[in-house]
1. Please determine whether any residue of segment 33-43 is at pLDDT 90 or above, more than 25 Å from residue 120 (Cβ to Cβ) and not in a strand (DSSP E or B).
2. Can you tell me which residue within segment 76-91, out of those that are in a helix (DSSP H, G or I) and in contact with a strand residue (DSSP E or B) (Cβ under 9 Å, 6 or more places away or on another chain), is farthest from residue 27 (Cα to Cα)?
3. Considering each of 94, 99 in turn, give the residue that is at pLDDT 90 or above, surrounded by 14 or more Cβ atoms within 10 Å (Cβ to Cβ) and touching a strand residue (DSSP E or B) at 6+ places or on another chain (Cβ under 8 Å).
4. Residue 77 - would you say it is modelled with pLDDT of 90 or more and under 13 Å from the mean Cα position of the chain (by Cα)?
5. Please enumerate the residues belonging to segment 62-86 that are in contact with a helix residue (DSSP H, G or I) (Cβ under 9 Å, 6 or more places away or on another chain) and under 15 Å from residue 99 (Cα atoms).
6. Of all residues in segment 116-147, count the ones that are in a helix (DSSP H, G or I) and surrounded by fewer than 12 Cβ atoms within 10 Å (Cβ to Cβ).
7. Go through (1) at pLDDT 90 or above; (2) surrounded by fewer than 18 Cβ atoms within 10 Å (Cβ to Cβ); (3) outside any strand (DSSP E or B) for residue 59 and report which single condition fails.
8. List, please: which pairs have Cβ atoms under 6 Å, are six or more places apart or on different chains, and start with a residue in segment 71-82 that is under 11 Å from residue 36 (Cβ atoms) and end with one that is at pLDDT 95 or above and in a loop (DSSP other than H, G, I, E, B)?
């Protein structure tokens, strides 16, 4: 039998962890580039991970409406973080790919986030650290859209 999350106790603990993660995410993004919103960075990450990718696919991946993604990607193109080209197989589609600078930003944000998370995890005793990492893996699997 699975135990349900209680809103007051488990939910508050999960919410506190989420707030800490969002703070780390925002701080590391601001450190690398103060020019991007979180949505723009998420779009850049999707483009970098799925190259080449259409705007429609980026919108689906992010769960956003296409016009929001179009605006985010226009900003990424104007900052020379993403290249845009017509799909030679379907002229109605626009393909997106990261520039070298766009890839560098994604890699730097990831490196900074790993460093910050590593320093937080280093404050935990080894057994707790292993348990937290196992919980992170389980949580990520459970939260995955494919689950």
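1. yes
2. Here the answer is 77.
3. 99
4. No: the conditions fail for residue 77.
5. Passing the criteria: 73, 75, 76, 79, 80, 81, 82, 83, 84.
6. So the count comes out to 14.
7. Result: residue 59 passes all but (2).
8. From residues that are under 11 Å from residue 36 (Cβ atoms), the pairs are 81/99.
The values are calculated or read from the model by the stated rules, or taken from the named source; none is laboratory data. Remember, predicted model here, so these are calculated numbers, not experimental data. Reconstructed Cβ throughout: ideal geometry from the backbone, glycine too, with neighbour counts over all protein chains shown.
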